[in-house]
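Here is the structure we will look at.
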Amino acid sequence: MRKSRELKHRYNPYSTSLRGLNALQRKRMGEVQFKRFSVCVLFLMLGICLLSFYHMLFFPRISLKGSRVVEVEYQGKYQDPGFLSSYQGKDITSHVQVFGEVDSSKLGDYPITYQVTYHGVTTTKTRVVKVVDSVKPKIEFVSEHKNLYICPNTKYLFDDYKATDNYDGDLTKEVEVQQRGSIMRYQVEDSYGNQTVVERKVFYKDIDGPTLTLDSPTTVVLQKGEEFIDSTYQVKDNCSEDVKVRVSGDVDTSQVGEYERIYKAKDESGNTTKVVQKVVVMEPVKKGVIYLTFDDGPRSGTTDIILNVLKEKGVKATFFVTSGGPDDLIKRAYDEGHSIGLHTASHDYSVVYASIDSYFEDLKIVSDRVERVTGEKSFLLRFPGGSSNTISKKYTPGIMSYLTKEVVSRGYRYYDWTIDSRDAEGGGYSADEIAKFVTSKLSHDKVNMVLMHDIKVVTTEAIGKIIDYGKENGYTFEAITPYTDMVTQRVNN
Ligand code: ZN
């Protein structure tokens, strides 16, 4: 121990060299050293000043606008905040070259280097662009967000949530779920460290009704007198094994009309589900009955005369109207017990059959008109040109094949004709000829659906003759009702 202290002592050069000096000598020596130090500092500062001055004079300058560190959101667009460059007060910004690219589809730091060379001297500056992800991951639930309902006496299956992130994609497997009392806590973090926490209240309770699907269509159309059979069905419940189904609602197929058959399923917790089946009982079109139908009206000066004749002879008919003519003639026909059907608003084939949407837009206009005038929606249709028309092919191939099914599924029924009076043909036929075209085709064994047009003057003269002939030969006349079965021709487009 002693030895080592001596060694240390011996090897200390300051302590040995200063040992022989007195206080005054030591002070002087300190002053000399201080002077030397001051001179050194002075030279150093002068050097720095000269260097800066030299730089200012002979090096170009670059100054960056904005921050030296810039953040850009993932998938965002990086816009350089800008820069300026000068040389001895002169603007040389256009000489600056910028190096480096930012790929915002990848997180990370991207250096952007600004370099300018002027009179053979180069200056560079760097900015760092950080591509960051500040969007939190999302946790979504299959059912309700706030509450979690678990069937009584069962376990949570951890299968009703999904976590996604803008950067990491599917993070469902990373979700940590913890239950604290009646609270279920879902937590997930993306690779950038953004965290999402969602809490839900847990209830051991069944709040969902059973699912009930009928094997038959929800609208069933029957002929009068046909037998109605209840639909079979599939029923399932999320919690209950034992689900009861009750069926109610009267259907009387001996009477035309619309009926509702109600299927109601109930689970063990008392949740119910109801499905209503609509049953439409139709009347077959009667053989030996004459259904007079008038298209394209109403029109002042013709429709009113036809209504007069029908009234005088006590006959009911059907008018398939357009958006033309006066409202009051539709109202009068309706009030006098005739049926109002829908023909077309525009009667322009290029509009009506331009597309399926176009057909239904045109139909809506005339449908709205009839409802406005009569206070009742009509579901009786006659296609412009009939369902067998081929002119529609010119505008939309296949449209009639589609429309004839679609109108029925929307609750409409369409009526073509079995006898054409030819009153709309350009042949210039007389009233006698028109009447003959019709009466020569009447039959007691067939359906007599007669096509006429109440906008034609000749029809006003022919109609009385047709009715008189029909009556004399044992025919009756009826209007189409909402439950008259359809009369259809072959679809050709
Ligand atoms: Zn027409």
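The values are calculated or read from the model by the stated rules, or taken from the named source; none is laboratory data. All values reported here derive from a predicted model rather than from experimental measurement. Cβ placement follows ideal geometry from the backbone for every residue including glycine, while neighbour counts extend to all protein chains displayed. Side chains included, ligands, DNA and RNA excluded: accessible areas come from the protein's heavy atoms. Shrake-Rupley method; radii C 1.70, N 1.55, O 1.52, S 1.80 Å.
Relative to the longest principal axis of the C-alpha atoms of the chain, give the angle of the C-alpha long axis of helix 399-409, reported between 0 and 90° and rounded to the nearest 10°.
Its long axis makes an angle of about 90 degrees.
Can you list the lysines whose alpha carbon sits under 16 Å from that of Lys130, skipping same-chain ones fewer than 8 residues off?
Reachable lysines: Lys77, Lys106.
Quick check: pseudo-label points 7 Å beyond the Cα along Cα→Cβ at Val72 and Thr481, how many nm apart are they?
Each label point is offset 7 Å from its Cα along the Cβ direction, giving 7.6 nm.
Name the lysines eligible as straight-distance cross-link partners of Lys205: C-alpha to C-alpha under 18 Å, and not fewer than 8 places from it in the same chain.
Straight-distance partners of Lys205: Lys146, Lys155, Lys236, Lys266.
How much length is gained if the chain between Thr122 and His95 is pulled fully straight, taking 0.36 nm per residue apart and subtracting their Cα-Cα distance, in nm to one decimal?
Net length gain for the segment: 8.6 nm.
Quote the accessible area belonging to Asp357 in square angstrom, nearest 10, computed with a 1.4 Å probe and with ligands, DNA and RNA left uncounted.
Roughly 110 Å² of Asp357 is accessible to a 1.4 Å probe.
At 0.36 nm per residue, minus the direct Cα-Cα distance, what do Tyr402 and Phe43 gain on full extension? Give it in nm, one decimal, please.
Computed gain between Tyr402 and Phe43 is 119.4 nm.
How high is the relative contact order of the chain, in percent, counting Cα pairs under 8 Å that sit 6 or more residues apart?
Computed value for the chain: 10 percent relative contact order.
How would the range 219-341 be classified by its alpha-carbon gyration tensor: rounded, prolate or oblate, with rounded meaning a/c under 1.5 and the a/b versus b/c comparison settling the rest?
prolate
Count charges around Glu433 for me, please; just the other residues with Cβ under 10 Å from its Cβ, Lys/Arg as +1, Asp/Glu as -1.
0
Determine the order of Met449, Met486, Met45 by accessible area, beginning with the largest, at a probe radius of 1.4 Å.
Sorted descending by solvent-accessible area, the residues read Met45, Met486, Met449.
Along the Cα-to-C-beta direction of Ala424, a point sits 7 Å from the Cα; which residues of the range 283-310 have their amide N less than 13 Å from that point?
It comes to 293-298, nothing else.
Using the Cα centre of the chain as origin and beta-carbon charges of +1 (Lys, Arg) and -1 (Asp, Glu), tell me which of Val142, Ser269, Val188 is placed farthest towards the positive end of the dipole.
So the residue we want is Val188.
Quick one: 3J(HN,Hα) in Hz for the range 148-160, Karplus 6.51/-1.76/1.60 with θ = phi - 60°, rounded, Gly and Pro as x.
The phi angles translate into 10, 9, 10, 4, x, 6, 10, 10, 5, 9, 6, 10, 10 Hz.
Between Lys146 and Leu50, how many nm apart are label points set 7 Å from Cα along the C-beta direction?
In this crude label model, Lys146 to Leu50 measures out at 7.9 nm.
Can you sort Thr303, Thr232 by solvent-accessible area, 1.4 Å probe, largest first?
Numbers: Thr303 5, Thr232 85 Å².
Per-residue accessible area, sorted high to low, gives Thr232, Thr303.
Using only Cα atoms and rounding to the nearest 10 degrees, what angle (0 to 90) does helix 303-313 make with the longest principal axis of the chain?
The answer is roughly 40 degrees.
Residue by residue, what Karplus-based ³J(HN,Hα) values in Hz, rounded to whole numbers, does the range 95-112 have, using 6.51, -1.76 and 1.60 with θ = phi - 60° and x for Gly and Pro?
Going residue by residue, I get 8, 6, 10, 10, 10, x, 10, 10, 9, 6, 8, 10, 5, x, 9, 10, x, 10 Hz, with x marking Gly and Pro.
Would you mind calculating the relative contact order of the range 98-182 from Cα pairs under 8 angstrom and at least 6 residues apart, reporting the percent as a whole number?
Rounded, it is 20 percent for the range 98-182.
Nearest 0.05, what FRET efficiency do Thr113 and Gln25 give at R0 = 45 Å with Cβ-Cβ as r?
0.15
For the range 160-217, what is the relative contact order in percent, using Cα pairs closer than 8 Å and at least 6 residues apart in sequence?
Reported relative contact order: 21 percent.
Ordering Tyr192, Tyr395 by how much accessible area each has at a 1.4 Å probe, largest first, what is the list? Don't skip to the end; give the middle numbers.
Working: Tyr192 100, Tyr395 75 Å².
Greatest to least solvent exposure: Tyr192, Tyr395.
Heavy-atom accessible area of Ile365 with all protein chains present, probe 1.4 Å, nearest 10 Å²?
100
What whole-number distance in Å separates the alpha-carbon centres of the range 157-213 and the range 266-342?
Result: 57 Å between the Cα centres.
What full-extension length gain, to one decimal in nm, is calculated for Ser350 and Asp242 as 0.36 nm per residue of separation minus the Cα-Cα distance?
Value of the extension gain: 33.1 nm.
If I model a spin label at Lys224 and Tyr156 as a point 7 Å from the Cα along the Cα→Cβ vector, what separation in nanometres do I get?
If labels sit at Lys224 and Tyr156, their model points lie 6.3 nm apart.
What do you get for Rg/Rh over the chain if you use C-alpha atoms and the Kirkwood form of Rh?
In the chain, Rg relative to Rh is 1.42.
Quick one: which residues, 5+ away or cross-chain, put their amide H under 5 Å from the amide H of Glu73? H built at 1.01 Å from N.
Val132
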